[in-house]
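The values are calculated or read from the model by the stated rules, or taken from the named source; none is laboratory data. Keep in mind it's a predicted model, so treat the numbers as computed, not measured. Here the Cβ positions follow ideal geometry from the backbone for every residue, glycine too, while neighbour counts run over all protein chains shown. Accessible surface areas use protein heavy atoms only, side chains included; no ligands, DNA or RNA. Shrake-Rupley method; radii C 1.70, N 1.55, O 1.52, S 1.80 Å.
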Amino acid sequence: MEGYKGSEQGENYLMDVKKSQLISPPAPKQDALDELDSKVKKYLRGSGADLEGLKDKKLRGQLSVREDLYGKSAKAAAKAEKWLMPSEEGYLEAEGLEKTWRIKQESIVQEVDILSSRKAFDMILPDLGPYTLDYTSNGRYMAVAGRKGHLAIIDMHSMDLIKEMQVRETVRDVAFLHNELIFAAAQKKYPCIYNRDGVELHSLKEHGAALKLQFLRNHFLLASINKFGQLHYQDMTMGEMVANYRTGLGRCDVMQVNRWNAVVGLGHSCGKVTMWKPTSSAPLVKMLCHHGAVTALAFHPGGHLMATAGQERRIKLWDLRKFEVLHTYTGNAKSLEFSQKGLLAIGNGSSVQIWRDQSGDHNYSRYMSHSMVKGYQVQRVAFRAYEDVLSIGHSMGLSSILVPGSGEPNFDSWVANPFETARQRREKEVHSLLDKLPPETIMLDPTSIGNVRPEKKKERLTKMESEAEMQVAITAAKSAPTKKKTKGRNKPSKREKKKHEGIARVKRPFLEQHIKDEQQVKKKQRISDDLQLPKSLRKFVQKPE
């Protein structure tokens, strides 16, 4: 009997387990639904409209249909993300007590595939350095400039040299324009623009001896800062000079563009960082960042984070929404650069460090480090778009290292296509010219574009202006025509009385405003008098009735 009971209990237990399995949904399906909900929230256009308070039935119906459409489009985008964004970034992971920054480039190159291993190289050019470089927006082409006049364009996919030339004068910086067909070089006397075949197209003599160049892709503006501290903006479509401003802070050789809002940031020798737009002769922001000269500057792709380095051996991270310091680190930097995924490259001397935000609170820590041959001096570091590659321009040539997790793994072919054909490039050039933004759209907060501008408060008139307006109103009231009424109601005394009533009616708002202003002045004066007295004696002051 006991064995029977035990077997019966076992059967009941199995039945309960089967029932629980039937009732509870499978865990993978529930996880997939949760993941889909989180992606739908990402694609929704903010919170839904409150339709319960609307009294208009027609408007409520139209808005409900639109809200349903937004929800369906967000759900479709979340489902398509699985196929449109199949790749995910991967970072170095250490085991046990191992540190990722101790892993050498040789070890990384041995572990990656053959195509990725070819992206790490050293190009020794000892005679024409130091070198600086720039990439196109899709990361396929690299422009190289040596201080002693060496210019070259390289296809980074096939590693073919497209064009190489010697201009026989000092070259301080290089920058691609809207695509790889045209690039600008900051030479000894003024910047020059060349095409892909090395033919000089223009010489921008108005810019003077430019030290740094930056191109604003969405606005087709070439910005330069020369050795006299003059900031120039030139429109590359029409060729006209948009703006020319004096910074008033002396020589400046640190320049970077915030890609989020197209504001140009300048680092000065007095420790200040200024931010400019072409439609304002005064800087939008002027902030004291360091006690020494600013040596490097970089903006996060999100637009709200800025990294600066000073000669007093400090590297600071700034929150541009509040203009406050988030973190301060000890170290020098000749060049700073943020990657597409937020990694920060710091080049100084013969070493390069890559920092990563591990926790998500912008508290960066060392992620990777790379040391070159002793004596090499880093001039420029630049991440290659859509690739886990960091390029280094130094005094003895060029170097390229692998940085896992630095590049965006999924590219949008409508924004930047690393594999675009000649036909696609032509189409993109036409569309970008049609979508060109005017310089007036550059501002600190680009999300405010399209909003309704609030009404400005009316400026208070001075005493003389208010008196003049009152006299004009009185004159108009005196000369106002009067209606001719019936006999007995059109006496001269009644007409004169109505005229005086009209004048008094016109003067009343001016007199009321004058009394109100006098009361505010007396109130402010009384408050200031009370503040001058000690706190213990203010209660004995006789208040006016």
Quiz item: Taking a 1.4 Å probe, which of Trp414, Trp101 shows the most accessible area, and what order do the others take after it?
Solution: Trp414, Trp101
Exercise. Using θ = phi - 60° and the Karplus relation 6.51 cos²θ - 1.76 cosθ + 1.60, list the HN-Hα couplings for the stretch 60-65 in order, rounded to whole Hz, with x at every Gly or Pro.
Key: 5, x, 5, 5, 5, 4
Quiz prompt | Under-5 Å amide H pairs with Cys289, H placed in peptide plane, nonlocal only | solution = Lys272, Val273
Practice problem: Collect residues whose amide H, placed 1.01 Å from N in the peptide plane, falls under 5 Å from the amide H of Val263; neighbours closer than 5 in sequence don't count. | Solution: Asn258
Quiz item: Near Ile346, within a Cβ-to-Cβ distance under 9 Å, what is the net charge of the other residues, with Lys and Arg +1 and Asp and Glu -1?
Solution: 0
Practice problem: Can you work out the PRE-style zone for Asp412? Point 7 Å along Cα to Cβ, and I want the residues of the stretch 364-402 with backbone N under 16 Å. | Solution: 386
Self-check item: Rg/Rg_ref, the stretch 367-418, where Rg_ref = 2.2 N^0.38 Å and atoms are Cα
Solution: 1.35
Practice problem: Measure out, as a whole number of angstrom, how far apart the alpha-carbon centroids of the stretch 308-360 and the stretch 146-160 sit. | Solution: 28
Quiz item: So, with +1 on the Cβ of K and R and -1 on the Cβ of D and E, and no other charges, what is the size of the charge dipole of the stretch 100-438 about its Cα centre, to the nearest 20 debye?
Solution: 1020
Quiz item: Pairing the Cα long axis of helix 2-23 with the longest principal axis of the chain, what angle in degrees results, from 0 to 90 and rounded to the nearest 10?
Solution: 60
Self-check item: Amide proton proximity set for Ser335, modelled H, under 5 Å, gap of 5+
Solution: Gly347
Quiz prompt | For q = 0.24, 0.28 Å⁻¹, Debye-computed log10 I/I(0) when each Cα of the stretch 203-270 counts as one equal scatterer | solution = -1.07, -1.35
Quiz item: Share of the chain's accessible area from carbon and sulfur, percent, 1.4 Å?
Solution: 52
Self-check item: √(5λ) per eigenvalue of the Cα gyration tensor, the stretch 121-172, largest first, Å
Solution: 19, 12, 10
Quiz prompt | Sparse-neighbourhood loop sites, trypsin sites (Lys or Arg not before Pro) in the stretch 43-135 - DSSP loop, at most 15 other Cβ within 10 angstrom | solution = Arg45, Lys55, Lys99, Lys104, Arg118
Quiz item: Cβ under 13 Å from Val430's Cβ, Val430 left aside: what net charge do those residues give with Lys, Arg +1 and Asp, Glu -1?
Solution: +2
Quiz item: Volume per residue, Å³, of the convex hull around the alpha-carbon atoms of the chain?
Solution: 419
Quiz item: Where only protein heavy atoms count, and the probe is 1.4 Å, what is the accessible area per residue for the chain in Å²?
Solution: 63
Quiz item: Hey, what D do you get for the stretch 235-373 in µm²/s if you plug the Kirkwood alpha-carbon radius into Stokes-Einstein at 10 °C and 1.306 mPa s?
Solution: 101
Self-check item: Long pairs among Lys163/Lys205; Lys341/Lys374; Lys463/Lys524; Lys58/Lys79; Lys39/Lys428; Lys491/Lys516, criterion Cα-Cα beyond 27 Å
Solution: Lys341/Lys374; Lys58/Lys79; Lys39/Lys428; Lys491/Lys516
